[in-house]
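The structure appears right after this line, and notes come after that.
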Amino acid sequence: MSAASQAGGGLQDVLRVEPMAWNLFRATSHQANPSGVIFGGSFLGQALAATSATAKDRAPTSLHATFLKAGNPALPVDYSVTSLREGRSFSTRHVVGRQGGQSLFEALVSFQSAESGFSHSATWREPPPEPSSLRSLEELAVDWTDRLPADQIAPLTRLRGLEARILNPEGFLLERSAPSAKFWVRAVCETGSIPDAVATAFLSDFLMPAGSSLPHANSPYDTNLMAVSLDHTIWFHEPAVAGEWLWHEIESPWAGAGRGLTFGRVFDRNGLLVASTAQEMLLRRRLPSSPPQPGA
């Protein structure tokens with residue numbers, strides 16, 4: 001559900017892919033989620049890094065991903081890229097992430113050459129509080145040791161590649177609430193060390209499953225809850241500098257049949273809409289024998 005630990009190295013290593021051939025790339029370091037499998041954002045960021053290397057001079061416009069199988073963060077993931085379109089303005093790539101010959105993840109990624117056009121943009125509903133005025137998840141884990149279940153404290157203290165500060169953390173972590181949330185999130189990296197869009201893709205998966213789970217559990221970190229990513233889409237609107245704070249507003253209009261749907265809008269510090277997100281997730285009570293699942 002959230003990024004929790006890394007198999008080694010910093011976020012720059014997690015989002016780096018090494019070329020093995022013109023259309024084959026390998027990622028050897030991964031972010032893990034509380035279930036101990038590869039965090040969905042790692043797949044998104046690595047896949048975008050791999051496809052971007054084959055679409056030089058064009059910026060990503062969208063990434064439509066499906067999570068197929070849980071990944072082992074101790075093993076490398078190979079990304080094979082296929083060119084589906086190379087037009088005058090747009091390029092389209094299909095990418096599959098494999099581990100030990102098994103497909104874990106696949107996505108369609110679109111790229112576009114720079115051009116001008118008609119323009120309008122949504123704004124945030126109201127200016128959010130400054131990130132410094134909100135407590136981080138790590139701080140909440142320390143402050144609320146007497147309020148949080150013991151098994152929910154550890155995931156909040158293991159964040160490595162990102163930092164998050166949630167509006168109304170009581171409603172998010174301690175009680176059932178409306179199917180929506182707002183939070184600041186940023187990649188923990190040096191400026192310029194990670195491509196901007198790759199960092200945004202990585203962050204876009206964080207806490208997305210919480211949107212549909214909030215009315216049904218006291219916390220999205222409830223260990224009896226299975227809320228994991230099935231598919232994920234991000235549309236890139238404007239550049240967002242890697243390492244800077246982003247404000248993500250998520251809302252779930254529907255849940256049922258063991259699934260939930262969440263939409264999101266991502267803004268920069270100035271209120272500029274930089275990306276839109278959508279995710280469908282598995283949403284059910286966890287059985288005692290349920291194996292780890294892919295996604296966030």
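The values are calculated or read from the model by the stated rules, or taken from the named source; none is laboratory data. Everything quoted here is computed from the prediction, not taken from an experiment. Glycine gets a Cβ as well: all are built from the backbone with ideal geometry, and neighbour counts include every protein chain shown. Accessible surface is based on the protein model in full, side chains and every heavy atom, while ligands, DNA and RNA are left aside. Shrake-Rupley method; radii C 1.70, N 1.55, O 1.52, S 1.80 Å.
Any idea how far the Cα center of segment 178-222 sits from the one of segment 8-51, in Å?
Using only Cα atoms, the two centres lie 17 Å from each other.
Set the Förster radius R0 to 35 Å, insert the Cβ-Cβ distance between ALA21 and GLU251 as r into 1/(1 + (r/R0)^6), and round the FRET efficiency to 0.05.
After rounding to 0.05, the efficiency reads 0.25.
Using each residue's phi in segment 214-227, evaluate 6.51 cos²θ - 1.76 cosθ + 1.60 at θ = phi - 60° and report the 3J(HN,Hα) Karplus result to the nearest Hz, with x for Gly and Pro.
Whole-Hz 3J(HN,Hα) from phi for segment 214-227: 4, x, 10, 8, 5, 7, x, 8, 4, 5, 8, 9, 10, 10.
By how many nm would the segment from GLU170 to SER193 grow when fully extended, if each residue of separation counts as 0.36 nm and the alpha-carbon distance is taken off?
Gain on stretching GLU170 to SER193: 4.8 nm.
If contacts are Cα pairs under 8 angstrom and at least 6 residues apart, what is the relative contact order of segment 75-114 in percent?
36 percent
With a ≥ b ≥ c taken as the square roots of the eigenvalues of the C-alpha gyration tensor of segment 135-279, please select rounded if a/c is under 1.5 and otherwise prolate if a/b is larger than b/c or oblate if it is not?
Oblate.
Suppose a student asked you for the relative contact order of the chain, using Cα pairs under 8 Å spaced at least 6 residues apart; what percent would you report?
21 percent
Can you pull the percent of the chain's accessible area that's carbon plus sulfur, 1.4 Å probe, other chains left in place?
Taking all protein chains in place, the chain shows 50 percent carbon and sulfur surface.
Points 7 angstrom from Cα along the Cβ direction at THR145 and LEU84: gap in nanometres?
About 5.1 nm separates the two model spin labels.
Testing the spin-label approximation: label points 7 Å from Cα along Cα→Cβ at SER133 and ASP57. State their distance in nm.
Rounded to a tenth, the inter-label distance reads 4.6 nm.
Work out, step by step, the length gained on full extension between THR28 and GLN102: first 0.36 nm times the residue separation, then minus their alpha carbon distance; give nm to one decimal.
25.0 nm
Once whole DSSP H runs in the chain are found, which of them have Cα atoms spread over 20 Å or more along the helix axis and a mean Kyte-Doolittle score of at least 0.5?
Length and hydropathy pass: none found.
Which whole-Hz couplings ³J(HN,Hα) result when phi for each residue of segment 241-252 is put into the Karplus expression 6.51 cos²θ - 1.76 cosθ + 1.60, θ = phi - 60°, listed in order with x for Gly and Pro?
Once rounded to whole Hz, the list reads 5, 4, x, 8, 5, 10, 9, 10, 9, 10, 8, 10.
Relative to the Cα centre, what is the charge dipole magnitude of the chain, using +1 at the beta carbon of each Lys and Arg, -1 at the beta carbon of each Asp and Glu, and rounding to the nearest 20 debye?
Dipole of the chain, to the nearest 20 debye: 680 debye.
Using each residue's phi in segment 186-194, evaluate 6.51 cos²θ - 1.76 cosθ + 1.60 at θ = phi - 60° and report the 3J(HN,Hα) Karplus result to the nearest Hz, with x for Gly and Pro.
8, 6, 8, 7, 7, 4, x, 7, 9
In terms of modelled amide H atoms, which long-range or inter-chain residues lie less than 5 Å from the amide H of LEU283?
Under 5 Å from the amide H of LEU283 lie the amide H atoms of ARG259, GLY260, each far enough along the sequence or on another chain.
Choose one of TRP235, SER121, PHE172: the residue whose Cα lies farthest towards the positive end of the charge dipole of the chain (beta-carbon charges +1 Lys, Arg; -1 Asp, Glu; about the Cα centre).
Of the options given, the answer is TRP235.
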